[in-house]
Amino acid sequence: MKAMVYRGPYRVRVEEKNVPPIEHPNDAIVRVTTAAICGSDLHLYHGMMPDTRVGTTFGHEFVGVVEEVGSSVSKLKCGDRVMVPFNIFCGSCFFCARGLYSSCHNVNPNATAVGGIYGYSHTCGGYDGGQSQFVRVPFADVGPSVVPEWMAEEDAVLLTDALPTGYFAAQLGDIVEGDVVVVFGAGPVGLFAAKSAWLMGAGRVIVIDHLDYRLAKARSFAHAETYNFVEYDDIVVEMKKITDHLGADVAIDAVGAEADGNLLQHVTSAKLKLQGGSPVALNWAIDSVRKGGTVSVVGGYGPMFSAVKFGDALNKGLTLRMNQCPVKRQWPRLLEHMRNGYLKPSDIVTHRFSLEDIAEGYHVFSAKLDDCIKPLVIPTAA
Ligand SMILES: NC(=O)c1ccc[n+]([C@@H]2O[C@H](COP(=O)([O-])OP(=O)(O)OC[C@H]3O[C@@H](n4cnc5c(N)ncnc54)[C@H](O)[C@@H]3O)[C@@H](O)[C@H]2O)c1
Ligand SMILES: [Zn+2]
Ligand SMILES: [Zn+2]
């Protein structure tokens, strides 16, 4: 089969690999029909994620058709069209029993912090991902669901990560009616977080980025007020000015460890590797929220020390909430919103690359060329 393969920072290509076999009776093999590239894949692509091994295949957003099932799989059968959450989870451990699917204890021998994620380095379990013609899906009765008849393929693929994560970010904000919500980052996750904030009763939704074309999308898709942080000496002061000098009730970090906006942070993290990442967006979130407010973090951060303003968070009495999104927990409500017409996730898709052109896809998405917001990857039928 053809699969995307990592060769080193900023280098990916398509190679021939063996079609993965069933390794366990609970496995399924899925023929991928549509995949996507996530902002999280860029952390891998940029060489930021520990233990990203040459030869591995990325891709944790994918939908496809069940090609083969292991002997104990009972809920799926060959030919089913399935969407697969980015988390690999057992469904029955201490954490899964509490709905913390992204914290599953049975799927990743290498870490006590993070669970299993398709195509996301050996730090996250070493599973190959779905930017490929075929992918092995462990715990096939637990994670995947059959795509409802009425749902379009390109909406389904966005249900495997980007939309649930944005929705989850808004949930973690504990938004109450009338709240002022500020979202850092107008990528797919930030756009969905902004849109979801309205569904949870926000009174005002503000989105901050430095890419004007993405801010335009935040206005048209998520009906947000937008600010380009490079146009202000200090974006935090601006946020205070527009919120009666109190700050927002809720701030969402949908940027993560590769934030722009502070040269010193960029040099000490991306260049000198003195920090696990640049905490600019997280610190702006801490500074922009009012005392007693909530900061919700879904942007990706590595395990190492970074210069986070933890003391300010403490002294302001903030609530900090964060996690990798437990995708499947979000599906029932999201399906309802989509069916009722409140959410049309594929509205943010800007690019479709064939699997053969995936190197171009990574380059365009990473360099934010051609007004790219969300690129999909389409493997040709095997
Ligand atoms: N927790 C989870 O489950 C989960 C799931 C998916 C993605 N993520 C993470 O969420 C983040 C966003 O994902 P995405 O797909 O939207 O990525 P993306 O790279 O497309 O979007 C990030 C956006 O942040 C903007 N940005 C950079 N610095 C900023 C700053 N200081 N302030 C405001 N905006 C800034 C960029 O211009 C870009 O538009 C990534 O870190 C990704 O790893 C987490
Ligand atoms: Zn992702
Ligand atoms: Zn589990």
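The values are calculated or read from the model by the stated rules, or taken from the named source; none is laboratory data. Computed from a predicted model, the values in this text were never measured in an experiment. Note that we place each Cβ from the backbone using ideal geometry, even for glycine, and neighbour counts take in every protein chain shown.
State whether one or more residues within the range 117-139 are over 28 Å from residue 10 (Cβ atoms), within 16 Å of ligand 3 (Cβ to nearest atom), in contact (Cβ under 8 Å) with a residue 12 or more places away in the chain and touching an Asp or Glu at 6+ places or on another chain (Cβ under 6 Å). The answer is yes; a qualifying residue exists.
Conditions (1) β-branched (Val, Ile, Thr); (2) away from ligand 1 (no atom under 16 Å from the Cβ); (3) closer than 14 Å to residue 127 by Cβ, marked per residue:
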{"residue": "8", "(1), (2), (3)": "no, yes, no"}
{"residue": "20", "(1), (2), (3)": "no, yes, yes"}
{"residue": "30", "(1), (2), (3)": "yes, yes, yes"}
{"residue": "45", "(1), (2), (3)": "no, no, no"}
{"residue": "52", "(1), (2), (3)": "yes, no, yes"}
{"residue": "56", "(1), (2), (3)": "yes, yes, yes"}
{"residue": "69", "(1), (2), (3)": "yes, yes, no"}
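Residue pairs whose Cβ atoms lie under 8 Å apart, sitting 6 or more positions apart in sequence or on different chains, and linking a residue in the range 284-297 that is under 22 Å from residue 325 (Cβ atoms) to a partner that is assigned to a helix (DSSP H, G or I) and among the charged types (D, E, K, R), are 286/312.
Wholly within the range 114-207, which helices (runs of 4 or more DSSP H) include no fewer than the required count, namely at least 2 residues that are more than 15 Å from the chain's Cα centre (by Cα)? Can you show your working first?
Working: elements: 153-158, 162-172, 188-199.
Here the list reads 153-158, 188-199.
Just name the residue that is farthest from residue 293 (Cα to Cα) out of those in the range 305-326 that are within 16 Å of ligand 3 (Cβ to nearest atom) and in contact with a Leu (Cβ under 8 Å, 6 or more places away or on another chain).
326
Scanning the range 97-114 for residues that are within 16 Å of ligand 1 (Cβ to nearest atom) and either under 13 Å from residue 327 (Cα atoms) or charged (D, E, K, R) (or both) returns 99, 100, 101, 102, 103, 104. Within the option set 88, 37, being farther than 21 Å from residue 146 by Cβ, within 16 Å of ligand 1 (Cβ to nearest atom), buried (at least 19 other Cβ atoms within 10 Å of the Cβ) and modelled with pLDDT of 95 or more holds for one residue only, 37.
Scanning the range 37-53 for any residue that is within 25 Å of residue 156 (Cα to Cα), more than 16 Å from ligand 3 (Cβ to nearest atom) and of a type in the set (Gly, Ala, Ser) turns up at least one such residue.
Of 73, 82, which residue is more than 16 Å from ligand 2 (Cβ to nearest atom), closer than 27 Å to residue 151 by Cα, outside any loop (DSSP other than H, G, I, E, B) and touching a residue at least 12 places away in the same chain (Cβ under 8 Å)?
On the way: 73 fails: outside any loop (DSSP other than H, G, I, E, B).
Only one candidate passes the filter, namely 82.
For the range 347-382, a tally of residues being buried (at least 16 other Cβ atoms within 10 Å of the Cβ) and of a type in the set (Gly, Ala, Ser) returns 3.
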